[in-house]
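What follows is a short report on a single structure.
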């Protein structure tokens, strides 16, 4: 019997963002019979959360450094010790490090990276160094494959990084739809941070509390919604640098009693049962897992057209209200239209989610891994 290919999944940590959840699902879903699976955590220690999310058959390696930029030597040691056949890296700043170190890895090691954001949006962001565009152009062409979640993301990457079309694969993010649906029925009660209170409507949003996620737009829109629905409340799950600013906006709009910031929640789906709808207020997105998880739970979706990929996926779908533009006014209109249209506890099947379900998405990743490994053998 031939030895299983050794696959090393790399992620900074398992803190709860979309990229981390995708990596955890890949660790759980990829065939342990086909591959010897390892998970490398760059900045995180091995925690109870990590061991809960990852199957016992996947060996976890913690480099334990404080920042990705400090991980070069520990990562080189890990790769030289493991000698993986393939590395799958899951976030852009970690991708840069992996590709920079690639010439120092064993020659047989193949590298696949996941791009979890629109490159054009990254390059417009003031929080990233100005040399980021050069890292994309210098390093991304060194990958065997780059995985994007939508064709729009792939086209954007090719136009701004110099990679070839043949290097880019469009693969769906895996979503555990069965787990989402199991806790999303309106007669169930969330078990984290208390129950939804009052008659509602109850609005749910989640993501990193940063400018591109548009939670300030959501607060402005929600203030308008409260005029017609004075019992409405909003829960925002997630952490990030704009928490203080968002609290200030709440105070200015007199929303302190109707908006709750839930912080990091390991199982946000426990809030689906009582939610009236899910809101994606982002200014910029690739294809967020939060949206896919809300859809998997059957929630009505209100979203802004944060990217061409998001708009293409959601436009014209039943149970989805897509804003005409990225603005608080457009979000207000979509929220009001949705709330006037849906019944109490109404849920939608969202058949467009089928390609993202675990079995289908994992098969797509396995086909890519096998193809890249086969190319190496030729």
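The numbers here are math on the coordinates, done by the rules we state, and not lab data. Every value quoted in this text rests on a predicted model; they were computed, and no experiment measured them. Every residue, glycine among them, receives a Cβ derived from its backbone with ideal geometry; neighbour counts consider all protein chains shown.
One table, with the values for the structure above:
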quantity: Debye equation applied to the C-alpha atoms of the chain, log10 I(q)/I(0) at 0.11 Å⁻¹; calculated: -0.77
quantity: Selected from 145, 102, 33 as most flexible by GNM, with the chain as the system and alpha-carbon contacts under 10 Å; calculated: 33
quantity: Helix 92-101 vs. the chain, principal-axis angle (Cα, 0 to 90°, nearest 10); calculated: 10
quantity: Difference of contour (0.36 nm per residue) and Cα-Cα distance, residue 228 to residue 367; calculated: 45.0 nm
quantity: Additional length obtainable on full extension of the chain from residue 33 to residue 340, 0.36 nm per residue less Cα span; calculated: 105.5 nm
quantity: Highest-MSF residue in the chain out of 355, 306, 19 [GNM, Cα springs under 10 Å]; calculated: 355
quantity: Rounded to 10°, Cα long-axis angle of helix 328-341 versus longest principal axis of the chain; calculated: 70
quantity: 11 Å cut-off, amide nitrogen to a point 7 angstrom out along residue 375 Cα→Cβ, residues in the stretch 122-151; calculated: 142-147
quantity: Helix axis angle, 215-228 relative to the chain longest principal axis, alpha carbon, degrees; calculated: 20
quantity: Scaled radius of gyration (Cα, divided by 2.2 N^0.38 Å) that the stretch 177-355 gives; calculated: 0.92
quantity: Added length on full extension, which subtracts the Cα-Cα distance from 0.36 nm per residue, residue 182 to residue 245; calculated: 19.2 nm
